[in-house]
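Note sheet for the following structure.
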Amino acid sequence: MSDPILSLKGISKSFGPIEVLHDVDFELRPGEIHALIGENGAGKSTTMKILGGYIDATAGEVLWHGQPTHFPSSDEAEARGIVMIHQEFNLAEHLGVDQNVFLGREITRGWRLDHKAMRTRTAELLDRLECRVDPAVRVSGLSVPAKQMVEIAKALSRDLRVLIMDEPTAVLTERECEILFRQIERLRAKGVAILYTSHKLSEVTRLCDRVTVLRDGAMVRSAPVSDITEEEMAAAMVGRELSDLYPAKAVPRDEVLLEVENLSVPGVVESASLTLRRGEVLGLGGLVGSGRTEFAEALAGLRPREGRVRLMGEDLPASEVRTALQRGLVYLTEDRKGAGLLLDKGLRENLTLPLLERFGGPLIDRRAEEAALDRAIEEFAIRAPDRRMRVGNLSGGNQQKLLLAKTLLSDPQVILIDEPTRGIDIGTKQQIYALIAGLAAEGCAILVISSEMPELIGLASRVLVMHAGRITGALEGDDVTEGAIVRLAMGLDDNREGAAA
Amino acid sequence: MSMAPAQKISTPARRRIDLQVVGPIVALIALVLIGMALNSNFLSYANITNVLARSSFIGIIAVGMTFVITAGGLDLSVGSMAAFVAGLMILVMNLLTDRLGVTLPVIFAGVALALISGLVAGLINGLLITRVGIEAFIVTLGTMGIYRSLITWLADGGTLSLGFEMRELYRPVYYGGIAGISWPILAFVAVAIIGEIVMRHTAFGRHCAAIGSNERVARYSSIAVLRVRLATYVLLGVLVGFAVVMYVPRLGSASASTGLLWELEAIAAVIIGGTLLKGGFGRIWGTVVGVLILSLIGNILNLTDFVSPYLNGAIQGAVIILAVVLQRKGAADR
């Protein structure tokens, strides 16, 4: 085994009175993929930021090739070949792909930019990633996975020694993940030291050499991946044995709450139909970009649509978010930070935003709001160090719980949930699954959109799959398997049931 | 993180002094102290009344501007709009005086006209921004030029004046008052108090902040984003009309230089008061403090020969930049 290139020794980190890391040792070796896992708030991000030179530790040492070192800034770290790929992309939206890849390190000929060379190099890098994106297009027009690929291409374009990846697969589909894994493995073969984080333990087993588990800011376990099972990892993360991740499925009743006939969103969704019964959890699968999000947004009135939607027997007008909410249909967005929560506001303001009229008028009754927040914190087990804190400083899992509380505040009957557990630790996932099953048992009708197949299989009694804007099939009972979903999602089984569902 | 230590830190209130809250107030107090030290007349009833009454026009407009900026917008046209509305009001009142004589109904008609034309002007700005989808900066830059040119044209390059007798009748609206406090000051106070309540305690104020903070989140939270945004411009237009109602009896005239640079002074007051220029957070009381700071600077320079009054703009400019620097710091500390 080679010597560590970058390591942490006895690192502790406090933000004010809160200690988020306590005496952490961590080593990255050339040619090794080291997974760092833990629940949200366990200290993974802080560890990565210390390694990447973004923040300083309160105590302990950072070692570079065994020598104590200090990076005054992330630029210093990058100069030594330490690159961190963030969950939130660091891309200039209005610049082209090639301009982004070479941002700050432009290739020049004399005093002029060498556009041609940069474009060719970018095309080569994207080619290696099997990513079919034109280097000349603007980043703002790219899909989320494509942006991720651009970030990775950017990292690849440097002299890379250490690569730190913060949940790179959270926004990728399984196929895109495979491409990414091949790239990561190629980098490993070239002797790059890689830190990999993910909430998907199967990825850790599939890809990584060594795994370190953090819990409440302390290291609880570090072992070669071959010596530890996924169950043991999960148990180490949560600190207890996880019983069944998925609760028992509720039994759908006969009453139809939502009927959709030939819904189309120009250019994205083509005549999709479905029925949703009281007490039913219906899964909606498909690749990112297959139109599932747009379908749900159109139902909720967030996008213009054609076709007929009947909610509890009455026609629901198009493009009226407010009406949908008042009639009992809500949509929980997949884009928690961009469309779900006001990150610079507090918990209370976020919770009551869609339903302020319920909290007095013309003046808002702040006490009623606080009471509602009390209930939400208790009911959804939201962990906030300070209830006046900005929502952006909450961990991802707690943000998601707050978003759920906000969306469910109006006691809706039909709930469309897009990616219920993206970027969330396994303990919180379990809570959210239980919540979804509980809502169904109480008589709500729920549509769950997810890229995670186990989630669809574990939660839904019936699964629809979309491909290129069409619903390509419906699976029920024992037919709901990963293989069947993938085939439909890839458009391989088009002739099976037609567009009917 | 476990629950136990988390709860421990939630009880004590924020110990750190919030520079953003205290900053403008400290600056205002400092200005008052400087004014007192430099001139004994500074705190005289006449001077204070004069300063407050003159700042009430910009103040009333700045309250409306706070809503616009909080919701992520901007309005550069308010100065020109005020001049145009004032000119229109004077023209119509003069015409009506010919028919109805020097009577109160003429004043009521003038007031109604000012409010309605302010509303319509705000509506035009708002519709162009929300329905046609042009950026606020561009729309209001355009209407700023249009209104400025219209008032110049209406006045034929000179001055539009209210008839002499009419001016006498209307005069008390600026110079009169109750309990020694003049009407414009009372109007400003009323607008500010109502504005503060609306901003902090109503759904409309909350929605403005939400839209300015993240328009997408607001839309996904079933807020009628376009309607709220339109309402901010209409509200500002009405307040411009209201400011004109207070302004016209002061001089009884309007010209091409009426309301010149009011828009920038109003925006500056909003920013000095701690409202974020990019939107998402606004506070009316801060705007009031900002208006007072700007007018006190001018007043102190006029009262003393310490610094030339011609440097008024330079000092105001420095204060604006300083306020934004402090805002940045505050944001970084959070």
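Reachable lysines from A:K44, Cα under 21 Å, same-chain residues fewer than 8 places away excluded? Partners found: A:K9, A:K13, A:K200, A:K337, A:K401, A:K429. One decimal place: the segment A:R310-A:T229 gains 24.4 nm when fully extended, by the rule 0.36 nm per residue minus the C-alpha distance.
With contacts taken as Cα pairs under 8 Å and at least 6 residues apart, the stretch A:6-238 reaches a relative contact order of 30 percent. Exposed loop sites here mean GluC sites (Glu not before Pro) with a DSSP loop assignment and at most 16 other beta-carbon atoms within 10 Å; chain A contains its longest site-free run at A:321-496. Under the criterion of Cα pairs below 8 Å and six or more residues apart, the relative contact order for the stretch B:56-288 equals 45 percent.
Here each label is just a point 7 Å from Cα along the line to Cβ, and for A:D411 and A:R182 those points are 5.4 nm apart.
Anyone know which of B:N50, B:N94, B:N39 comes out most mobile in the 10 Å Cα GNM of chain B? The residue that fluctuates most here is B:N39. Of the residues A:M312, B:M166, ranked by 1.4 Å probe accessible area with the largest first, the sequence reads A:M312, B:M166.
Along the axis of the charge dipole computed for the protein assembly as shown (Cβ charges of +1 for Lys and Arg, -1 for Asp and Glu, origin at the Cα centre), the listed residues A:T481, A:S451, A:A57 are led at the positive end by A:A57.
Net charge dipole, the protein assembly as shown: roughly 2120 debye, given to the nearest 20, about the Cα centre with Cβ charges of +1 for Lys and Arg and -1 for Asp and Glu. Secondary-structure-derived ellipticity at 222 nm for the protein assembly as shown, considering helices only, amounts to -15500 deg cm²/dmol, per-run term -39500 (n - 2.57) for DSSP H runs with n ≥ 4. Applying 1/(1 + (r/R0)^6) with r as the Cβ-Cβ distance of A:R158 and B:D98 and R0 = 60 angstrom yields a FRET efficiency of 0.15.
Taking a ≥ b ≥ c as the square roots of the eigenvalues of the alpha carbon gyration tensor, chain B is oblate, as a/c is not under 1.5 and a/b does not beat b/c. Which of the chymotrypsin sites (Phe, Trp or Tyr not before Pro) found in the stretch B:244-334 are loop residues per DSSP with 15 or fewer other Cβ atoms within 10 Å of their Cβ? Loop-located and lightly packed - B:F306.
Rounded to the nearest 20, the size of the Cβ-charge dipole of chain A about its Cα centre is 1140 debye, with Lys and Arg at +1 and Asp and Glu at -1. Rolling a 1.4 Å probe over the protein heavy atoms gives the protein assembly as shown an accessible area of 43 Å² per residue. Ordering A:L329, B:T70, A:S2 by Cα displacement along the dipole of the protein assembly as shown toward the positive end leaves B:T70 in first place; charges were set at the Cβ atoms of Lys, Arg (+1) and Asp, Glu (-1). Pairing chains A and B buries close to 2900 square angstrom of accessible surface in total, based on protein heavy atoms and a 1.4 angstrom probe. Residue-wise HN-Hα couplings along the stretch A:199-216, as the Karplus relation 6.51 cos²θ - 1.76 cosθ + 1.60 with θ = phi - 60° gives them from phi, are 8, 9, 5, 4, 5, 4, 5, 5, 10, 8, 9, 9, 9, 10, 10, 9, 9, 6 Hz; Gly and Pro carry x. Charges were assigned to the Cβ only: +1 to each Lys and Arg, -1 to each Asp and Glu. The resulting dipole of the stretch A:341-409 about its Cα centre is roughly 140 debye. Contact residues in the stretch A:318-360 by the 50 Å² criterion (accessible area, 1.4 Å probe, full protein complex versus chain alone): A:A339, A:L342, A:K345, A:L353, A:L356. Of the solvent-accessible surface of the stretch A:341-409, computed with a 1.4 Å probe over protein heavy atoms with every protein chain present, carbon and sulfur atoms account for 48 percent. What the Cβ-Cβ distance of A:E357 and A:D386 gives, at R0 = 30 Å and to the nearest 0.05, is a FRET efficiency of 0.60. Close amide H contacts of B:G177 (hydrogens built in the peptide plane, cut-off under 5 Å, sequence separation of 5 or more or a different chain): B:W183.
Considering only beta bridges that DSSP places wholly inside the protein assembly as shown, some 60 percent are antiparallel. For the pair A:K249 and B:A179, a Förster radius of 51 Å applied to the C-beta separation gives a FRET efficiency near 0.10, rounded to the nearest 0.05.
Using Cα centres only, tell me the gap between the stretch A:193-226 and the stretch A:79-122 in whole Å. Comparing the Cα centres of the stretch A:193-226 and the stretch A:79-122, I get a distance of 31 Å. Distance from the alpha carbon centroid of the stretch B:232-273 to that of the stretch B:89-115 works out to 20 angstrom.
The values are calculated or read from the model by the stated rules, or taken from the named source; none is laboratory data. Predicted, not measured: the structure shown is a model, and the values here were computed from it. Virtual Cβ from ideal backbone geometry, glycine too; neighbours counted across all protein chains shown. Heads up: the accessible areas ignore ligands, DNA and RNA and are worked out on the full protein's heavy atoms, side chains in. Shrake-Rupley method; radii C 1.70, N 1.55, O 1.52, S 1.80 Å.
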